[in-house]
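What follows is a short report on a single structure.
Where a number appears in this text, it was derived from the coordinates with a stated rule and is not lab data. Computed from a predicted structure; not experimentally measured. Counting neighbours? That spans all protein chains shown, and the Cβs are built from the backbone with ideal geometry, glycine included.
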Amino acid sequence: GESVGLHLPTLSVQEGDNSIINCAYSNSASDYFIWYKQESGKGPQFIIDIRSNMDKRQGQRVTVLLNKTVKHLSLQIAATQPGDSAVYFCAENIKGRAGTALIFGKGTTLSVSS
Amino acid sequence: GAVVSQHPSWVICKSGTSVKIECRSLDFQATTMFWYRQFPKQSLMLMATSNEGSKATYEQGVEKDKFLINHASLTLSTLTVTSAHPEDSSFYICSADRVNGYTFGSGTRLTVV
């Protein structure tokens, strides 16, 4: 079946750099996307979400960009900190359907060195 | 904020035994809950959708007789791994569907020896 995928499995950056994590999705019907952060042995932690009627959304130090034309999603983290080291997943959902689960991408491991 | 409590956080069991994992919504009612499984260095894979008062919907390839899901109340869903085998060792995570988003439990690390 269709699933969300990621371009890069690992990303290593220096503290203070900006990080960009990419995600490709294949379900053209998906209209709601979320980025999650997962630390070892813990459940996913919500970072930011975006609906398909938007192409950009900003949070604190994070920005999500959505390009529906090429079905691409990215997460930008400004001034990356060691505490940002974790695995990042994008997830998609067809929000118009009640009780629909999130489908997760493969994940990118972000490693921040100081 | 909305909290989903998952218990136990880790469990070790012998092959052939059954293990029950609980997922509770503490401050809201969850008509729908989802169960995921995550193997090391892999993504979360949806196992089933649990609806209060009705049978769960399982994803393709997930054995419904092995992974029993019960959602008898609006605040509790349980996943029972029956006749567990070492290959069932994994990280199991529940999630609740809310009007304004999803809330995840902290996960259960199951080790079958």
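Of note:
- Residues B:Phe28, B:Phe34 in ascending order of nearby Cβ atoms (within 10 Å, fewest first): B:Phe28, B:Phe34.
- Within segment B:82-96: backbone nitrogen closer than 13 Å to the B:Lys14 label point (7 Å, Cα to C-beta): B:84
- Put a dot 7 Å past the Cα of B:Gln29, heading toward its Cβ, do the same for B:Lys66, and the two dots end up 3.5 nm apart.
- Per-residue Cβ neighbour counts within 10 Å put B:Cys94, B:Cys13, A:Cys23 in the sequence B:Cys13, A:Cys23, B:Cys94, beginning with the fewest.
- A:Arg61-B:Glu52 pseudo-label distance in nm [points 7 Å out on the Cα-to-Cβ vector]: 3.7
- Whole-angstrom gap from segment B:16-45 to segment B:59-113, using each part's C-alpha centre: 3
- Put in order of Cβ neighbour count within 10 Å, fewest first, the listed residues A:Ser12, B:Ser95 become A:Ser12, B:Ser95.
- Under the simplified labelling scheme, the A:Ser26-A:Thr10 pair shows an inter-label distance of 2.6 nm, with each label point 7 Å from Cα along Cα→Cβ.
- For chain A, lysine pairs separated by 8 or more sequence positions, or belonging to different chains, with Cα-Cα distances below 16 Å total 5.
- Choice from B:Ala48, B:Ala30, B:Ala72 with maximal GNM fluctuation in chain B (Cα, 10 Å cutoff): B:Ala72
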